[in-house]
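Peer 1: Below is the structure I would like to discuss, written out as structure tokens.
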Amino acid sequence: MTEHSAWNKRRSLLKKTLPGRVLLGAACLAYGAGVLGRRLLYDLKILRRKRLDAQVICVGNLTAGGTGKTPAVLLAAETLRRRGHEVAVLSRGYGRSAPRKEVAVLLDGRHTDWRLCGDEPWMIHQSLQGLGVPVLVCPDRAKAGELAVEMYGSRVLILDDGFQHLKLHRDLDVVLVNARNPFGGRRLLPLGDLREPLSALRRAQMVIITHADRVTASELSLLREEIWKVHAGVKLLESAHKADHVLDVRTEKKYPLSLLRGKSVAALCGLGDPLSFEAQLEELGAELAQAWRYPDHHPYTEREMISIEALRGGLPLVTTFKDFVRLPGNWRDILKGEVLVLGIKLVILKGRNVWIDTLDALAKDAGKQP
């Protein structure tokens, strides 16, 4: 069991008792005081932000839960790169095995062990193959950014999951809000899932509602009104997640979705809605011969992989990026056949021109002094 899932289990147990709720409430107040205090230190310039010689776009959120940040990072990188801008992605690299202060670089034509950079940056790199976008991994994002500017001539830096990373100056803050669970129970951690109060939205210049296609029109309207109530006039976009490509994670080759057409496959997922993933595979023309369903955020074990390998009969195993990062570290030794990941892209449903124009204008200003 991962630390994240173990904590969620303990928190659920605490919420069932009055003493537990009191304990979580007290921790919530302490956490909130810490967030406010840290923010004041930066506002009063007691703590200084580092400014880099490039434009910085931050893609982040307010909650600890998933909002689809990775597809948004990919879309930002693709949007800028296809317009001729030199761009790099900066990632913290949670869970990597390399020394903390070392900057790992993922770049086209260069092989890097995924364990040295962490699963998520590795997958960002795989999805951006062929675009010439370096992905630099280090907890010290300023150090990684300086290297991107110096070594790769990057004029725009995309800060992955950095809305709370106040240490680095940014020129555009993009905050994602999941339409299906917008504000994490509306309570700060650890009682809820909010990293910051809703008022923190006022720091953002752009808000993207994700999974806008998964809620009703009235729910979407109410969410828009609430966001504008907190931050009147903010650029507000709506988006959906759509299948984009198939990645063979063993060979690190990316294929079009047509690879699945007419192919018998085994599906593996640990999602809140496994039927939607399986239905998506069938819509792409895959023949779903087997399906393994686990609880949302399930951390896969070696025993489970051994069982799946024994039962899948050589069928390609298709999973999601979200699930792939939770496979055991030695999955390559256990799963002998094809392991495919269904790549997802973010599609702007409302505000596409605003998205393109905002990023393009910012990139053209790269290098100018404020």
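The values are calculated or read from the model by the stated rules, or taken from the named source; none is laboratory data. Every value quoted in this text rests on a predicted model; they were computed, and no experiment measured them. Quick reminder, even Gly has a Cβ in these numbers, built from the backbone with ideal geometry, and neighbours come from all protein chains shown.
Peer 1: Does the range 117-139 contain any residue that is out of contact with any strand residue (DSSP E or B) (no Cβ under 7 Å at 6 or more places or on another chain) and of a type in the set (Val, Ile, Thr)?
Peer 2: no
Peer 1: On the given criteria, is residue 364 over 22 Å from residue 310 (Cα atoms), surrounded by 13 or more Cβ atoms within 10 Å (Cβ to Cβ), of a type in the set (D, E, K, R) and more than 22 Å from the chain's Cα centre (by Cα)?
Peer 2: yes
Peer 1: Still on this structure, I have one more. Scan the range 268-284 and tell me whether some residue there is more than 25 Å from the chain's Cα centre (by Cα) and modelled with pLDDT of 95 or more.
Peer 2: no
Peer 1: Identify the single condition in (1) over 16 Å from the mean Cα position of the chain (by Cα); (2) touching a residue at least 24 places away in the same chain (Cβ under 8 Å) that residue 150 does not satisfy, given that it satisfies every other one.
Peer 2: (2)
Peer 1: Here's a follow-up. Among (1) modelled with pLDDT of 90 or more; (2) in contact with a helix residue (DSSP H, G or I) (Cβ under 6 Å, 6 or more places away or on another chain); (3) surrounded by fewer than 17 Cβ atoms within 10 Å (Cβ to Cβ); (4) not aliphatic (A, V, I, L, M), where does residue 231 come up short?
Peer 2: So the condition that residue 231 fails would be (3).
Peer 1: Do any strands (runs of 3 or more DSSP E) lying entirely in the range 28-114 carry at least 1 residues that are in contact with a strand residue (DSSP E or B) (Cβ under 7 Å, 6 or more places away or on another chain), surrounded by 13 or more Cβ atoms within 10 Å (Cβ to Cβ) and at pLDDT 95 or above, and which ones are they?
Peer 2: Strands (runs of 3 or more DSSP E) meeting the threshold: 55-61, 87-91.
Peer 1: Scan the range 298-314 residue by residue and report those that are touching a strand residue (DSSP E or B) at 6+ places or on another chain (Cβ under 7 Å) and basic (Lys, Arg).
Peer 2: Going residue by residue through the range 298-314, those that are touching a strand residue (DSSP E or B) at 6+ places or on another chain (Cβ under 7 Å) are 308, 312.
Once the filter is applied, which keeps residues that are touching a strand residue (DSSP E or B) at 6+ places or on another chain (Cβ under 7 Å) and basic (Lys, Arg), the range 298-314 yields only 312.
Peer 1: Sort through 180, 170 and tell me the only one that's in contact (Cβ under 8 Å) with a residue 60 or more places away in the chain and part of a loop (DSSP other than H, G, I, E, B).
Peer 2: 170
Peer 1: Which one of these is more than 25 Å from residue 208 (Cβ to Cβ) and not β-branched (Val, Ile, Thr): 333, 357, 296?
Peer 2: 333
Peer 1: Okay, next question. Tell me which residues, restricted to the range 183-196, are aliphatic (A, V, I, L, M) and assigned to a loop (DSSP other than H, G, I, E, B). Working first, answer last.
Peer 2: Here is the first cut: in the range 183-196, the residues aliphatic (A, V, I, L, M) are 188-189, 191, 194.
Of everything in the range 183-196, those that are aliphatic (A, V, I, L, M) and assigned to a loop (DSSP other than H, G, I, E, B) turn out to be 189, 191.
Peer 1: A further question follows. Going through the range 266-293 one residue at a time, which ones are among the small types (Gly, Ala, Ser) and farther than 21 Å from residue 211 by Cα? Don't jump to the end; show me each part of the working.
Peer 2: First, the residues of the range 266-293 that are among the small types (Gly, Ala, Ser): 266-267, 270, 272, 276, 279, 285-286, 289, 291.
Hits for the range 266-293 are 266, 267, 285, 286, 289, 291.
Peer 1: Being in contact (Cβ under 8 Å) with a residue 60 or more places away in the chain, under 30 Å from residue 278 (Cα atoms) and assigned to a helix (DSSP H, G or I) is the filter here, so list the residues in the range 197-250 that pass it.
Peer 2: 212, 213
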